[in-house]
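I have placed the structure first, in the form of structure tokens, so that the comments after it can refer back to it.
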Amino acid sequence: MITTTATTAKELMKKEKQALEYMIKLLDVLQSLDKNMPLNYALMWLLVARSAAEGTTMDSLKVIVGTSKASAERFKEKFTELGLIEVIEDRLETRSFLYKITKKGHIRLNQLQAMTAALQAS
């Protein structure tokens, strides 16, 4: 019985290590957008991509990510500069703006998805 428990523990440790390696590689793939990019920027970009059809507001990003208005503004500046998102006026709330992923952002997202699929396969 001890051998079975030890084997199971070893298998769990191996799976945990594989999962950690995958997460590290995934973060590296996300950082390929910009080597100095804060992790919360990557998260905000993925959230914008997830809401591609309708867009998302700065307030939504701030609440979900738990970040400041200043950080969300810096994200907006950086990612519009990179051409990965665009900011458009919200038709329903005229004093609000929506962040939407651009065509270039979709292309980059597809490249990242292909990279992560390759990581999962390995």
Which stretch or stretches of the stretch 48-62 have amide N atoms under 20 Å from the point lying 7 Å from TYR22's Cα along the Cα→Cβ direction? none
Hey, what's the Cα Rg ratio for the chain versus the globular rule of thumb, 2.2 N^0.38 Å? 1.37
Which order do the peptides 9-21, 70-82 take when ranked by the mean count of other beta-carbon atoms within 10 Å per residue, highest first? 70-82, 9-21
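Order these by the 10 Å Cβ neighbour count, fewest first: MET44, MET23, MET37.
So the residues, fewest neighbours to most, are MET23, MET37, MET44.
Summing Lys, Arg as +1 and Asp, Glu as -1, what charge do residues with Cβ under 13 Å from the Cβ of GLU81 carry, GLU81 excluded? Present the calculation step by step, with values, prior to reporting the outcome.
Numbers: positive: ARG74, LYS76, LYS78, LYS104; negative: ASP34, GLU73, GLU77, GLU86.
Result for the neighbourhood of GLU81: 0.
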Rounded to the nearest 10 degrees, what's the angle between the helix 2-31 long axis and the longest principal axis of the chain, both from Cα atoms, 0 to 90? 30 degrees
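What is the order of TYR41, TYR22, fewest Cβ neighbours within 10 Å to most?
Values: TYR41 23, TYR22 14.
If I rank by nearby Cβ atoms, fewest first, I get TYR22, TYR41.
No value in this document is a laboratory result; all are computed from the given coordinates. Just so you know, these numbers come straight off a predicted model, no measurement behind them. All Cβ positions, even for glycine, are placed from backbone atoms using ideal geometry, and neighbour counts span all protein chains on display.
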